[in-house]
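Some notes on the structure that comes next.
Please treat every number below as a calculation from the coordinates, not as lab data. Values in this document were obtained by computation on a predicted structure and should not be read as measured data. Backbone-built Cβ (ideal geometry, glycine too); neighbour counts: all protein chains shown.
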Amino acid sequence: MQKVLVQFDGSNFYRRVKQITPDIHLTNFDYAGLVDFINKNTVSRLIYYVGEIKRYKGNIKSSQLYNNQQSLFLNLRKQNIEIKLGYLLQSDGVFHEKGVDVQIAVDMVRGAIKNEYDICYIISSDTDLLPAIQTAREEGKKVIYVGFEGQMSKALANNCSSSIILTKSQIAKFAS
């Protein structure tokens, strides 16, 4: 049986899904069901990477975002999905996620070198992951890019072993 690693780039997944299905609430999404749909093998490890939202005293929006993220985390844990956190850096009033791509890349490369998986599904359209993908493939691992209809990254599609394109109707099946 093949060992499988599935990596969700949380904020990338969120943005892509919201672009094609804006009415879906991802705090109750069936992530494990989606993984079962795209992967017919037994999943060895499923990881959701995202920047951690902090609450700021007196800031109602940060409290709302924090509470939503905690609901998401509860849903992910119920589905036995590991959560790895980056952080959010504020610059000129705008928050930027930091540390997530590096964690994804490190896990992909380390897992390839330590033979922790045979197949890695990468659910992200971030081309910063190309060096990690190339390293994993050089280690003999199959890396499958999971993208979204109308939003596919040609660079990732061209550098991965294969690609899966998710459609709006497929994504909608896993929304509560």
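Structure data summary
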read-out	value
Whichever residue in the stretch 43-78 is within 27 Å of residue 116 (Cα to Cα) and of a type in the set (S, T, N, Q) and, among such residues, is surrounded by the most Cβ atoms within 10 Å (Cβ to Cβ)	75
Members of the stretch 62-112 that are in contact with a Lys or Arg (Cβ under 9 Å, 6 or more places away or on another chain), under 24 Å from residue 30 (Cβ atoms) and free of Cβ contacts under 8 Å to residues at least 24 places away in the same chain	65, 66, 67
Selection within the stretch 136-165 - touching an Asp or Glu at 6+ places or on another chain (Cβ under 7 Å), surrounded by 16 or more Cβ atoms within 10 Å (Cβ to Cβ) and either of a type in the set (A, V, I, L, M) or in a strand (DSSP E or B) (or both)	142
Residue, nearest to the chain's Cα centre (by Cα), within the stretch 112-135, restricted to residues that are crowded, with 23+ Cβ neighbours inside 10 Å and in a helix (DSSP H, G or I)	129
Residue under evaluation residue 127, criteria (1) within 20 Å of residue 35 (Cβ to Cβ); (2) among the hydroxyl-bearing types (Ser, Thr, Tyr); (3) out of contact with any Gly (no Cβ under 8 Å at 6 or more places or on another chain), criterion not met	(1)
Matching residues, the stretch 55-79, being in contact with a helix residue (DSSP H, G or I) (Cβ under 7 Å, 6 or more places away or on another chain) and not aliphatic (A, V, I, L, M)	55, 56, 68, 71, 75, 79
